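What follows is calculated from the coordinates using simple rules that are stated; it is not laboratory data. Quantities reported herein were computed from a predicted structural model and do not represent experimental measurements. Note that we place each Cβ from the backbone using ideal geometry, even for glycine, and neighbour counts take in every protein chain shown.
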Ligand code: ADP
């Protein structure tokens, strides 16, 4: 009697278990199927119906291979055979399947065998990894694009100090394979000593929430030197505290080389031009002495020729001064001179070329220790611009002032003015505001050269401007 009761208990437990399995099988979000020994599908759950887009009745009785992409069939079939011949306890593989709507989906397949009432069945779970697969594909496409554009992506975790990076990042530094770990020290090892202070300062700035845009030279593992541009933005947590720095590194060695070639070309061309222009100028000056003996027409032509040759001289000088080699060599010849007088002389010089009225005021006794010729160059440039970019206003106001240690010259015009967003790039090489390109001639070098000269003196240059109303360009230089 007891034994019979035990069997009943066991049967009940077994049926309970079976019920539980059925419920889990039906409710799980993992697409699952049960197959018989001849590999036909005998039971599928709702998740598998959804995954393949068929009704259960359409799938049951078929074989999974009928849905598999051709290239996976052979391997999958082999794994199934090994499972059923008990060579392996289970198998896993990744494969693709066609849905009813012919869309391709990617699945991770796991199969095991189980026994039920003396029969052996196969139980398979198909895990949909299509999204992941697309992500992997787009990541590998992105890595490919980054590789070909010689761009690397980096992300510094400010807490752990570890840097995660794109696939080809380490190659940029000369490593054929991806290194295990990468930290700020890894960058520091490669950045040239001369550029290290700038690099460290830029990283510091970025760690405090500022953007980074820094060009530095790297020494790669094989000793070659590369120019790269580090650009990055900080990422903040909810409290606004920077937690990550995310950015790119671009290999700009080629650009730098082109820049150098361009500089060399400009430098050579302007040097070559300088000699004939100087002799042309000398000849014209000699010719000017004979003006009294000339007809009115010839005289006018000599005056015009003089004006043009002066313009050419300024352009050639600008080109020469803008080349890097000149910038590197910029040596100041300092003397003590009266700044007001020099400004006055510049105004007189320009009064011959333009009908603009110059009004000069300020400290007439201010003496500075500076390179007079170069400071004159800066003043002439600011005055010429005031005339050029204020064609409809006829007054230019110049003020010579001072603070405790610095002399300050300001040139104010009532001309076209400058848009606020253009001001930060105004002193860059070859910069010309969009609106002026078509209307005013120039190379966009004058302000760049002026800024170089002023900076070399230890001073500062800037502008206050209202678009459509006019501008005040100013510069400061130390008095002694
Ligand atoms: P260039 O005059 O040869 O173009 P500069 O370097 O002297 O070169 O000036 C750069 C640009 O700055 C000019 O193209 C112009 O757009 C702007 N700029 C300079 N001075 C003035 C000014 N006084 N008023 C308005 N815009 C100016």
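Please give the FRET efficiency for residue 394 paired with residue 443, using the beta carbon to beta carbon distance and R0 = 35 Å, rounded to the nearest 0.05. Given R0 = 35 Å and the Cβ-Cβ separation, E is 0.85.
The mean sequence distance of close C-alpha pairs (under 8 Å, at least 6 residues apart), as a share of the length of the stretch 257-327, puts its relative contact order at 54 percent.
A simple spin-label model places pseudo-atoms 7 Å from Cα toward Cβ; at residue 30 and residue 302 they are separated by 10.2 nm.
What the Cα convex hull of the stretch 151-209 gives, in volume per residue, is 89 Å³. Rounded to the nearest 0.05, the FRET efficiency derived from the C-beta distance between residue 246 and residue 293 at R0 = 56 Å is 0.15. The simple spin-label model puts a point 7 Å past each Cα toward its Cβ; for residue 69 and residue 211 those points are separated by 4.1 nm. Cα extents for the stretch 134-251 along the principal axes, largest to smallest and rounded to whole angstrom: 44, 39, 23.
Can you give the translational diffusion coefficient of the stretch 333-478 in µm²/s, computed by Stokes-Einstein from the Kirkwood radius over Cα pairs at 4 °C and 1.567 mPa s? Working shown, then result.
Numbers: Rh = 15.3 Å.
My calculation gives 85 µm²/s for D.
Computed as a quarter of the hull surface, the mean projected area of the alpha carbon convex hull for the stretch 2-128 stands at 8.5 nm². What fraction, in whole percent, of alpha-carbon pairs in the stretch 257-327 exceed 19 Å separation? Result for the distance tail: 46 percent. In the distance distribution for the chain, Cα-Cα pairs more than 42 Å apart total 52 percent. Placing dummy labels 7 Å off each Cα toward the beta-carbon, the span from residue 283 to residue 177 is 7.1 nm. Separation of the stretch 175-249 and the stretch 339-418, taken as the distance between their Cα centroids, equals 43 angstrom. Mean sequence separation of contacting Cα pairs (under 8 Å, at least six apart), scaled by the length of the chain, corresponds to a relative contact order of 7 percent. For the chain, the longest principal axis of the Cα atoms and the long axis of helix 196-207 meet at an angle of about 60 degrees. Bridges between two residues of the stretch 355-428, per DSSP, are antiparallel at a rate of about 50%.
Among 393-402, 296-305, sorting by the average number of other beta carbon atoms lying within 10 angstrom of each residue, highest first, gives 393-402, 296-305. Taking Cα atoms only, the orientation of helix 253-289 departs from the longest principal axis of the chain by about 10 degrees. Legend: calculated FRET efficiency, residue 269 to residue 194, from the Cβ-Cβ distance at R0 = 25 Å, rounded to 0.05, equals 0.25.
If you count, for each residue, the other Cβ atoms within 10 Å and average over each peptide, how do 55-64, 42-51 line up from highest to lowest? Walk me through the numbers before you get to the answer.
On the way: 55-64: 14.7, 42-51: 18.8.
Ranking, from highest mean packing down: 42-51, 55-64.
Ellipsoid semi-axes for the stretch 54-197, based on the Cα gyration tensor and the rule √(5λ), read 48, 18, 13 Å when sorted largest first. Taking the C-alpha atoms only, the angle from helix 339-351 to the longest principal axis of the chain is near 80 degrees.
Measuring nothing but how far apart in sequence close Cα pairs (under 8 Å, 6+ apart) lie, relative to its length, the stretch 333-478 scores a relative contact order of 24 percent.
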